[in-house]
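Student: One structure follows; several queries about it will come next.
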Amino acid sequence: MSPARSASVAVLGATGLVGREMIRRLERRGFPIGRLLPLASRRDGRSVRYSGESIPVEAATPERLADVDLVLSSAGGEVSRALLPDAAARGAICVDNTSAFRLRPDVPLVVPEVNGHRLDGLRIGGEGAIVANPNCSTIQLVLAVAPLHERATVRRIVVSTYQSISGAGARAVESFREASRDHLDDASADSGSDALAFDVRPDIGGVAADGDSVEERKMILETPKILDAEVAVDATCVRVPVVRGHAESVWIETAEPLSPEEARATLSRAPGVRLADGGSGAVTPRGVEGTDPVHVGRIRGSRVAGRALQLWVVADNLLKGAALNAVQIAERIVGVAPEGREIDVATERCVG
């Protein structure tokens, strides 16, 4: 593998929850940055810290993206649709964390440990392209299920999610904290339906005429695109009063027999997965906050189908569910892994 060249990297949405995590991961993982360009929807005097320096955040415009190698975008679908096609046409590889391009047939939807081969041929200095980061809940689902699919062919997935407030952004987190304080002061106070203080909502993004919510449709459509077009998915997505970290109750049906013991052995070897089956296996969102892997526990058989398993899947939605996955995509394109070690692209593991 030829040595990686340094890249000029624009982070679009640099002041948001995911944007800030992208910048932290780029620094902590030793990504070869020649120039960092933090961008936001408008210039408001804010700055970000990177490598001991304070870098002013600039307004995102087509001109500011004209001469960058990589764009890591998390500024909302409208901004991505407005800016990324032009940036890609000028030669940038754009990793988009919104839903703007995920279902386009010509756009790779990538979790590197699962379908990183979709990035083959993309390189800095070559033709520009848009690569889509999946929905946060989809990422942790497919990372846990893909090794089992390879082992026993997953036919059906039924998943219920327990998604944290941070999935809705920084303003939602602040509203939740304020509403929670108000509720503790006065339980009769009306905090509004969106603040979610001491409540849960099963309609993330709103419900369409067919009965599925926007968030559910993301999982239903994205999972087969990444995993296998023949996999059928039902999803119920619920926002819960947790600040950070998503959890999922996952039921899978396989074509071939797969025992809980075989599933544990398979997942114990899977890149990006941490088996949490010691004791009860009841890993929690708070317990995994700030960690990179997807944690899988409570692996059990099913009483309603002979070839089925139940899993409990938990991950930090701002890391593997968003910022980390985007940075891993960028690492694979550039050809390096954390701290500058080369990637073995066959296994998505570091060499040395």
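The values are calculated or read from the model by the stated rules, or taken from the named source; none is laboratory data. Here the structure is a predicted model, which means the values were calculated and not measured. Cβ placement follows ideal geometry from the backbone for every residue including glycine, while neighbour counts extend to all protein chains displayed.
Student: With within 23 Å of A172 (Cβ to Cβ) and part of a helix (DSSP H, G or I) as the only criterion, which of R264, R286 stands out?
Tutor: Going through R264, R286 in turn, just one is within 23 Å of A172 (Cβ to Cβ) and part of a helix (DSSP H, G or I): R286.
Student: Give me the residue from segment 246-261 that is within 23 Å of N115 (Cβ to Cβ) and among the charged types (D, E, K, R) and, out of that set, nearest to the chain's Cα centre (by Cα).
Tutor: E248
Student: Go through the residues of segment 256-271 one by one and say whether even a single one is surrounded by fewer than 22 Cβ atoms within 10 Å (Cβ to Cβ) and under 30 Å from F176 (Cβ atoms).
Tutor: no
Conditions tested, residue by residue: (1) over 30 Å from I124 (Cβ atoms); (2) under 22 Å from the mean Cα position of the chain (by Cα); (3) not assigned by TED's automatic domain parsing to the domain that holds F101.
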site: P224; (1), (2), (3): yes, yes, yes
site: R244; (1), (2), (3): yes, yes, yes
site: A263; (1), (2), (3): yes, no, yes
site: A270; (1), (2), (3): no, yes, yes
site: A308; (1), (2), (3): yes, no, yes
site: N325; (1), (2), (3): no, yes, no
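Student: Do you know which residues across segment 289-318 are assigned to a strand (DSSP E or B) and either basic (K, R) or more than 26 Å from V243 (Cβ to Cβ) (or both)?
Tutor: The answer is R298, I299, R300, G301, A308, L309, Q310.
Student: Another one. Name the strands (runs of 3 or more DSSP E) wholly inside segment 1-56 in which the number of residues that are surrounded by fewer than 18 Cβ atoms within 10 Å (Cβ to Cβ) is 2 or more.
Tutor: Result: 33-40, 47-50, 53-56.
Student: Let me ask something else. Name every residue in segment 57-96 that is closer than 20 Å to C136 by Cβ and part of a loop (DSSP other than H, G, I, E, B), in order of residue number.
Tutor: Within segment 57-96, S74, A75, G76 qualify.
Student: What tally of residues in segment 245-255 results from selecting those that are crowded, with 20+ Cβ neighbours inside 10 Å and either at positive phi or part of a loop (DSSP other than H, G, I, E, B) (or both)?
Tutor: Of the residues in segment 245-255, 1 are crowded, with 20+ Cβ neighbours inside 10 Å and either at positive phi or part of a loop (DSSP other than H, G, I, E, B) (or both).
Student: Also, quick follow-up: If L84 meets every condition in (1) under 24 Å from E174 (Cβ atoms); (2) in contact with a Ser or Thr (Cβ under 8 Å, 6 or more places away or on another chain); (3) modelled with pLDDT of 95 or more apart from one, which number is that one?
Tutor: Looking at each condition in turn, L84 falls short on (1).
Student: Let me ask you something else. Exactly one of (1) touching a Ser or Thr at 6+ places or on another chain (Cβ under 8 Å); (2) surrounded by fewer than 20 Cβ atoms within 10 Å (Cβ to Cβ); (3) modelled with pLDDT of 95 or more is unmet by E216. Its number?
Tutor: Exception for E216: condition (2).
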